[in-house]
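Single-structure report; data block below.
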Amino acid sequence: MPELLASTAATMLARTARAQRDGRIPSLVAGVVRDGGLVWSAGRGDVTEPHTDVQYRLGSISKTVTAITVLRLRDEGLVDLDDQLDLHLPGTPLGDRTVGQLLAHLGGATSESPGSWWERSPGTTLEGLRLSEADVVLPAARRFHYSNTGFGLLGEMVARMRRSSWADVARNEVLEPLGMKRTTPRPSGSAAQGLAVHPWADVVQHEPEHDAVVMAPAGQLWATADDLARLATFLLGDTGGVLSPATVEEMTVPAGIDSASAGWSSYGLGVQVQREKGVTLVGHGGSMPGFLAGLWVDREEGTAALVLANATSGLDHGLTAALLADLRAAEPRIVDAWRPSAAPVPLELLGPWYWGPTPYVLRAIPGGLLHLGGLGRPGRSSRFRPGPDGTWIGLDGYFAGETLRLDATALNLATFIFTRTPYDPAAPVPGGVDDAGWHVP
């Protein structure tokens, strides 16, 4: 794969070096993915070479792997996202919350499991957690509330349905098929030591590391930069057959909005989604005592950036986004050439339509899709994919999931009737059309 220009690499190295020094990070590995693999990386501080083969703890990036194991069950027809947890994992106080709500942190589960803080304590089983009604802190689907507990429960559900440990399911169904052979539940081989740096002096202290057991799906995994780059290419569409590209795209659709964020920040299914300076980034951050990590992909540009650090605090969490911005500015993606393609519907159905007096336009767009949006002014807009019996199903925007029906005189969409002329009296306009028609009052 093509290497970056020397000037781009120098800019990224300078940015990474400053982040390691200013953040007082004992060791830091950063990398950029493009064209299906790692095209640039650097290790700063006390990093064993090759730096791309040193394990760091991923923290909550593990949740993305957990979500993949759940969605594999869904795609096999064994689980529905609307299933209540009790159907597959009975006996918890969150049994009436759905699988989809837990994946999107909309289940109202407590952020941390009860007992001693799980990130610095030896783990226990689900029974050992002794979950109670006190661990249900919000109503279902009321608001985004990040929950490690919820992902622990999802991992336990996967383990029981597969009749195996969550770690084995993750390894056999996700990690090994993707070639992530250096991603493990506990450190193995070359691995960084988790450290805390004193806030007022340049001294360090070891952080503890334990098997989190039932909470492992929330943050247990360790991985190298090479392996994390492979997870990035998965999120960019190279799924290796682990999930369909359509399911990966479903993961990236925002569900829960984090209203505490200063910017546009949300959560899909096992991934964070954020909008920054007009660019949508998908990925996840991670933290465990002694470790910080980040993986963010720009699906439009086909690029990703990652960072791994062995410090409890101090990392500039904007580093990955800044590296992607450096790459976008210095070496923007050269898009494929436009080429003619067959329209997915007859041409006479495309062009201007009117919702009442408001102009819209229906266009054919790449990928065999349709797009309906405002013409010359803002309006509700959505993309549509082919559905059964000549219908079209909304992919996003206001009409996501709604059915569009086309004929020569009207578009029927969620009871809205779009006509070829404003309030066409020959069309089935809801409420009818004034017999006087258009006139000067």
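Read-outs throughout are calculated quantities, based only on the coordinates presented, and are distinct from any laboratory measurement. What you are looking at is a predicted structure, and each value in this text was computed from that prediction instead of being measured. Cβ sites come from the backbone with ideal geometry, for glycine too, and all protein chains shown count toward neighbours.
Report the relative contact order of the chain, percent, no decimals, based on alpha-carbon pairs under 8 angstrom and at least 6 residues apart. With pairs under 8 Å counted, the relative contact order is 16 percent. For the listed peptides 161-167, 284-290, a ranking on the average number of other beta carbons within 10 Å per residue, highest first, reads 284-290, 161-167. Each of Asp389 and His210 was given a label point 7 Å from its Cα along the Cα-to-Cβ line. The distance between the two points is 5.8 nm. DSSP bridge analysis restricted to the chain gives an antiparallel fraction near 95%, rounded to the nearest 5.
Computed on the Cα atoms alone, the convex hull of region 347-419 gives a volume of 88 cubic angstrom per residue. The angle between the Cα long axis of helix 6-22 and the main principal axis of the chain comes to about 60°, on a 0 to 90 degree scale.
Converting phi to 3J(HN,Hα) with the Karplus coefficients 6.51, -1.76 and 1.60 and the offset θ = phi - 60°, region 228-242 yields 5, 4, 5, 5, 4, 5, 4, 5, 8, x, 8, 7, x, x, 5 Hz in sequence order, with x at every glycine or proline. Annotation: the residues Leu308, Leu404, sorted from fewest to most other C-beta atoms within 10 Å of their own C-beta, follow the order Leu404, Leu308.
Anisotropy class assigned to region 1-60 is oblate, per the alpha carbon gyration tensor with a/c at or over the 1.5 cut-off and a/b no larger than b/c. Taken along its principal axes, the alpha carbon cloud of region 2-109 reaches lengths of 54, 32, 22 Å, longest axis first.
Cβ crowding within 10 Å ranks Trp200, Trp355, Trp296 as Trp200, Trp355, Trp296, fewest other Cβ atoms first. Principal-axis analysis of the Cα atoms of the chain puts helix 62-75 at an angle of about 50° to the longest axis. A crude spin-label estimate for the pair Glu250 and Trp264, with each label 7 Å from Cα along the Cβ direction, gives 2.4 nm.
Going from the residue with the fewest nearby Cβ atoms within 10 Å to the one with the most, Val273, Val307 rank Val273, Val307. The three principal axes of the C-alpha atoms in region 180-238 carry coordinate ranges of 45, 27, 21 Å, sorted with the longest axis first.
Centroid-to-centroid, using Cα positions, region 132-198 and region 99-113 are 13 Å apart. Which angle between 0 and 90 degrees, to the nearest 10, do you get for helix 148-162 versus the longest principal axis of the chain when only C-alpha atoms count? Between the helix axis and the principal axis of the chain, the angle is about 90 degrees. Put simply, the amide H of Ser27, placed in the peptide plane, has neighbours under 5 Å in Asp46, Asn310, leaving out anything fewer than 5 places away on its chain. What separates the Cα centres of region 397-420 and region 326-341 is a distance of 33 Å.
Packing-based ranking of 374-380, 309-315, 223-229, 275-281 yields 223-229, 309-315, 275-281, 374-380, ordered from highest to lowest mean Cβ neighbour count within 10 Å. Computing FRET efficiency as 1/(1 + (r/R0)^6) for Ser313 and His371, where r is the C-beta to C-beta distance and R0 is 41 Å, gives about 0.35.
Close amide H pairs (under 5 Å, H built 1.01 Å from N) link Val253 with Leu269, residues at least 5 positions away or on another chain. Using bins of 10 Å that start at zero, the share of Cα-Cα pairs per bin across the chain amounts to 4, 19, 26, 23, 15, 8, 3, 1, 0, in whole %.
Remark: the Ala342-Glu402 segment gains 19.2 nm on full extension, using 0.36 nm per residue and subtracting the alpha carbon distance. Loop-located trypsin sites (Lys or Arg not before Pro) in region 69-156 (DSSP state other than H, G, I, E, B) with a sparse environment of at most 11 neighbouring Cβ atoms within 10 Å: Arg130, Arg142.
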